[in-house]
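Engineer: The structure that follows is given in the form of structure tokens.
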Amino acid sequence: MKTVRILGISAFYHDSAAALIEDGRIVAAAQEERFTRRKHDPGFPANAVRYCLAEGACAIDDIDHVVFYDKPFLKFERLLETYLATVPGGFRSFRAAMPVWVKEKLFQKKGLRRKLGEIAGSKSWDGSLLFSEHHVAHAASAFFASPFQNAAVLTMDGVGEWCTTSLGHGNGKRLDLLKEIHFPHSLGLLYSAFTYYTGFKVNSGEYKIMGLAPYGRPLYAQAILDHLIDLKADGSFWLDQRYFDYCTGLTMTSSAFHELFGGEPRKPESPLTQREMDLAASIQAVTEEVVLRLATFARRETGERQLCLAGGVALNCVANGRVLKEGIFDDIWIQPAAGDAGGAVGAALAVWHQYLDKDRAPNGCDLMEGAYLGPTYSQEEIEQRLTAAGAVYGVLSDSELISTTVSALMEEKAVGWMQGRMEFGPRALGNRSILGDPRSPRMQKTLNLKVKYRESFRPFAPSVRREDVAEWFGLSTDSPYMLLVADVREEKRVRPNLDEEALFGIERLNVPRSDIPAVTHVDYSARVQTVHRETNRRYWELLTTFKERTGCPVLVNTSFNVRGEPIVCSPEDAYRCFMGTEIERLVIGNTVLRKEDQPAALMRDYKEEFELD
Amino acid sequence: MELVRELWSYMSDRRKFWLLPIFVMLGVFGGLIVLTQGTAVAPFIYTLF
């Protein structure tokens, strides 16, 4: 029988990506930013499409259906109706938006055909170029890729066409969206408003708010609930637009918002104060409350015992951890590429199961293959590329490689670790990672300031062998995608002395709080990645050897990039990052590079090369 | 022409014929708007459009 190939595309807003599905199996998926080296690249993902085709060993004309992850006309309708509803207030925004639409976005179908044609194709795409609704794509990426036969499905993000939050019910190949909350009422936009107000970049600084929250107290949570959001018992909500500017202006918050919280937004890169930490704690507390109520309602409405999550808000792993901890559902599964990139996978799976009506038979594993869906490089290719780059390297056997890397980690060295296929989604999961020893009290500061060049308050995540997770963290389920937060277990914690207990806010950063201080946040939480022998053998073996030699089955795992840079994709990217930072060892495949052996002429000042996020 | 056909089919599906005068107006004045401005990138806002 002929193989059916579906190409999913997300593009033109942020985090463009492409995904290839063959007979319902995800063959490849990648974000465009990894190839163009431009963070959150919104352009047509030509490089990602080319990669997917190469991975599937097919040409663009072999693709049966191309599907785009949202419906441009519906989005245009939302824009027009919003501007009409806010006349004349929205004129500035209208003037900014219309040229893009009149010139390009209204002609998206034609534009997509042209771009596909440029990838050496001759197909006309009549009838085979499809458009999925944005939240259908999110819901499909959550449910169809999940290991569940049936489940409740929640999607939450900034906004798609109209929808900002949806509740769905998945059963086999059926996926029905039962309820929706529409723009301008959006949990994602509420969170982004605080991202903007606390001086971080909208659409990338949300992680920072989440990381900052444990340093603060939720002093403003009641003010948010009293004035900004009318939150109902079922989790539905309404935002008072007097406090926001995103419908009519070109910022997120209005002067009423600034008045309510006592001042103008913090200037980007200016010093953080206790106020920003308290604001972060407040919006995080409100977000968790909304998500918990939505999850409770989803459980009641669908009667299902499993929950699937997607949409940008589903990357809020603290809220996800709360949902799991509260025991509302027996099990939850979160799409690792929960943001817009994952829409490419979701739209393609929606075509397979819904448009083509193909059956679905989950076998207990999800479809994401550990999220290792990107490019890989053979040992021969790695050596060729490194030689061409002027690198000095040695090649080791598998066992020597593991042993040497563990020794470097035990010496508290920062190790760049690039193996196998690149991850799809925002997280590095052990194939494009910088690793460190979590037992070191200096590691968090060193990695933040000398390797990643990012804010010192930001926490790092632990990778732990799946079989050891319950011994170290308050978590007994799989968390392969680093999307659940759990507490470090009591017996692994270190009790602070009286002086340390009296510290406040950011001063608490340098107090060791557990046997693994580099990955223990100030509230004893950790964003856990469980490592499974089945999906990442080499990384699992590294952790096993590290445990044998230190008694600790945990490593610090942070993405292989600097602040503002997309995660590395190729050996050249990895070498450039290695040479521009204080990473001391680089391991690519079976190749090991020591910083002290590299030509001094190739060292570079790297941190100025990327726009800060 | 394809765009006009698709817009008509969209309006029929959504029962939103009242958008027709807006589309006509945008068609007429669209050229002017395009001529007066380049691309729209709003640095401090979620990518709503």
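The values are calculated or read from the model by the stated rules, or taken from the named source; none is laboratory data. Being a predicted model, the structure only gives us computed values, none of them experimental. No Cβ is skipped: glycine too gets one built from the backbone with ideal geometry, and neighbour counts run over all protein chains shown. These accessible areas exclude ligands, DNA and RNA; they are computed on the full protein's heavy atoms, side chains included. Shrake-Rupley method; radii C 1.70, N 1.55, O 1.52, S 1.80 Å.
Engineer: Here's a check for you: in the range A:40-65, which residue that is open to solvent by 30 Å² or more (accessible area, probe 1.4 Å), within 25 Å of A:S124 (Cβ to Cβ) and in a loop (DSSP other than H, G, I, E, B) is modelled with the lowest pLDDT?
Structural biologist: Within the range A:40-65, the match that is modelled with the lowest pLDDT is A:A59.
Engineer: If you don't mind, another one. Which of the strands (runs of 3 or more DSSP E) found entirely inside the range A:204-317 contain at least 2 residues meeting this: away from chain B (no Cβ under 14 Å) and under 26 Å from A:H14 (Cα atoms)?
Structural biologist: A:237-239, A:306-310
Engineer: If you don't mind, there's one more thing I want to ask. What are the pairs, 6+ residues apart or on separate chains, where a residue within the range B:13-26 that is closer than 11 Å to A:E77 by Cβ has its Cβ under 9 Å from a residue that is open to solvent by 80 Å² or more (accessible area, probe 1.4 Å)?
Structural biologist: B:I22/A:L84; B:F23/B:V4
Engineer: Does any residue of the range B:29-38 turn out to be in a helix (DSSP H, G or I), at pLDDT 85 or above and within 7 Å of chain A (Cβ to nearest Cβ)?
Structural biologist: No, the range B:29-38 has no match at all.
Engineer: Could you list, in sequence order, all residues of the range A:7-26 that are without any contact (Cβ under 8 Å) to a residue 60 or more places away in the chain and assigned to a strand (DSSP E or B)?
Structural biologist: Passing the criteria: only A:E22.
Engineer: Within the bounds of the range A:117-126, is there any residue that is within 10 Å of another protein chain (Cβ to nearest Cβ), open to solvent by 10 Å² or more (accessible area, probe 1.4 Å) and β-branched (V, I, T)?
Structural biologist: No; the residues of the range A:117-126 include none that is within 10 Å of another protein chain (Cβ to nearest Cβ), open to solvent by 10 Å² or more (accessible area, probe 1.4 Å) and β-branched (V, I, T).
Engineer: Is one or more of the residues making up the range A:353-361 of a type in the set (S, T, Y), within 19 Å of the chain's Cα centre (by Cα) and outside any loop (DSSP other than H, G, I, E, B)?
Structural biologist: No, the range A:353-361 contains no residue that is of a type in the set (S, T, Y), within 19 Å of the chain's Cα centre (by Cα) and outside any loop (DSSP other than H, G, I, E, B).
Engineer: In addition: Does A:T164 qualify as being more than 14 Å from every other protein chain (Cβ to nearest Cβ) and among the β-branched types (V, I, T)?
Structural biologist: In short, no.
Engineer: Which of the residues belonging to the range A:253-262 are over 18 Å from A:K201 (Cα atoms) and either open to solvent by 10 Å² or more (accessible area, probe 1.4 Å) or not assigned by TED's automatic domain parsing to the domain that holds A:P214 (or both)?
Structural biologist: Result: A:S255, A:A256, A:E259, A:L260, A:G262.
Engineer: Residue pairs, Cβ under 8 Å, 6 or more apart or interchain, first in the range A:560-577 and outside any helix (DSSP H, G or I), second crowded, with 21+ Cβ neighbours inside 10 Å and polar (S, T, N, Q). List them.
Structural biologist: Final answer for the pair search is A:F560/A:S433; A:V562/A:T581; A:P566/A:Q31; A:I567/A:N561; A:V568/A:N561.
Engineer: Looking only at the range A:28-38, count every residue that is part of a loop (DSSP other than H, G, I, E, B) and surrounded by 21 or more Cβ atoms within 10 Å (Cβ to Cβ) and tell me the total.
Structural biologist: Residues meeting the conditions: 1.
Engineer: Just checking, does the range A:512-525 include any residue being over 27 Å from A:M210 (Cα atoms), in contact with a helix residue (DSSP H, G or I) (Cβ under 8 Å, 6 or more places away or on another chain) and assigned by TED's automatic domain parsing to the domain that holds A:V415?
Structural biologist: no
Engineer: Still on this structure: Which residues, taken from the range A:324-338, are outside any strand (DSSP E or B), open to solvent by less than 20 Å² (accessible area, probe 1.4 Å) and closer than 30 Å to A:V202 by Cα?
Structural biologist: Residues satisfying the conditions are A:Q335, A:P336, A:A337, A:A338.
Engineer: Taking the range A:597-613, which residues are closer than 12 Å to A:R576 by Cβ, surrounded by fewer than 16 Cβ atoms within 10 Å (Cβ to Cβ) and within 24 Å of the chain's Cα centre (by Cα)?
Structural biologist: Hit for the range A:597-613 is A:E609, nothing else.
Engineer: Would it be correct to say that A:L555 is surrounded by fewer than 22 Cβ atoms within 10 Å (Cβ to Cβ) and either under 21 Å from the mean Cα position of the chain (by Cα) or in a helix (DSSP H, G or I) (or both)?
Structural biologist: The answer is no for A:L555.
To keep it simple, each residue is scored yes or no on (1) surrounded by fewer than 22 Cβ atoms within 10 Å (Cβ to Cβ); (2) within 29 Å of A:A344 (Cβ to Cβ).
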{"residue": "A:E264", "(1), (2)": "yes, no"}
{"residue": "A:S270", "(1), (2)": "yes, no"}
{"residue": "A:S282", "(1), (2)": "no, no"}
{"residue": "A:E289", "(1), (2)": "yes, no"}
{"residue": "A:C308", "(1), (2)": "no, yes"}
{"residue": "A:V313", "(1), (2)": "no, yes"}
